[in-house]
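The values are calculated or read from the model by the stated rules, or taken from the named source; none is laboratory data. Not measured: the values here are computed from a predicted model. Cβ: placed from backbone, ideal geometry, glycine included. Neighbour counts: every protein chain shown.
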């Protein structure tokens, strides 16, 4: 009994740190989106140049996903995780000292590379700690930290920003320094706590590249490319859409952005909890995940109404629904990746990250070009809302049912 309580206590502490790591990850990432209008004015950037900042972040994230994905399977996650959090925090802090567009571009590129290490480390830890039926919920806790960070960031911005155009620098520096506190807390945990594993799966050793031959891996590539594009475009462009597309004041847009990310957190946690509830009531794990993914993707589809919605409560409400669905699909997606390989979990996450981030940067640039040409954010928002439905169809018709039954038996 005491052993179970101690194990559960260790899991709870690690889960809390994973959630905080995701929060810090997004705080460093969202500082730019929240003051994009100010920075655009100071550096005289076009919409396409802003899109290039996000695109460079994305391409670097793709490279970092591959690099840290392989590294996570070879070195201690305890030390690797601490290193990547420290390095991305340093890049976030350095962004606040940028004097021109080129310096900011370099900082954001390096930020993307080091931030990519978060997911191989975090997903590998969740998989080691939980069985198949509980992983969607565990992933929800990990993923929900992104919303907590994104909720907090606009509030910090509103508190620190002044009428001075260059007052955006201080929030970058403060947020960048928070990661150091996390590193100290993470390293304070003993290695036996962080490396804890409850998995009972026995997996024969096989070359990592065999995973690429697995049909499920190619489904994963398509799913993450679609859902990540939707999420990244919403995350990066929502404050600009509200201010420049619908005429909201910066202060109001930032407060709404906090509310929007709070709703994405609700969607993320609810998705994991719903999938777990279905599994505990006897539904096969695969079916529970798929049905949850369907609900979230249909919520995203509400974005097709945005071009016809003027400024007002209906528009804001629809965006809340879209946000909840856009993040809700992620813990389910991560649970599918965790079915592929315990031995090569870091590589699976990293290689899938390449697929996620090779496409979305092109979408960021294309979206910026489209806005410059049409002076409208609406069409892109409508298109991105359809992508998670396409991801659901990939899972429905492409995922082999024989593998899903194997995972169900292990729960």
Here the residues within the range 307-320 that are in contact with a helix residue (DSSP H, G or I) (Cβ under 8 Å, 6 or more places away or on another chain) and surrounded by fewer than 22 Cβ atoms within 10 Å (Cβ to Cβ) are 307, 309, 315, 316, 318, 320
Note: among 331, 388, 361, just one is at pLDDT below 85 and either in a helix (DSSP H, G or I) or under 28 Å from residue 108 (Cα atoms) (or both), namely 361
Per the filter on the range 75-105, residues outside any helix (DSSP H, G or I) and either on the phi > 0 side of the Ramachandran plot or touching a helix residue (DSSP H, G or I) at 6+ places or on another chain (Cβ under 8 Å) (or both) are 76, 96, 97, 98, 100
May I ask you to verify whether residue 406 is within 25 Å of residue 147 (Cβ to Cβ) and either at pLDDT below 85 or within 17 Å of the chain's Cα centre (by Cα) (or both)? no
The number of residues in the range 34-55 that are surrounded by fewer than 21 Cβ atoms within 10 Å (Cβ to Cβ) and part of a helix (DSSP H, G or I) is 9
Among helices (runs of 4 or more DSSP H) entirely within the range 173-291, at least 2 residues that are loosely packed, with under 14 Cβ neighbours inside 10 Å and either at positive phi or modelled with pLDDT of 85 or more (or both) occur in 250-280
Taking the range 364-385 and the residues there that are over 11 Å from residue 227 (Cα atoms) and not in a helix (DSSP H, G or I), the one that is nearest to the chain's Cα centre (by Cα) would be 377
A careful count of residues in the range 141-172 that are outside any helix (DSSP H, G or I) and in contact (Cβ under 8 Å) with a residue 60 or more places away in the chain gives 1
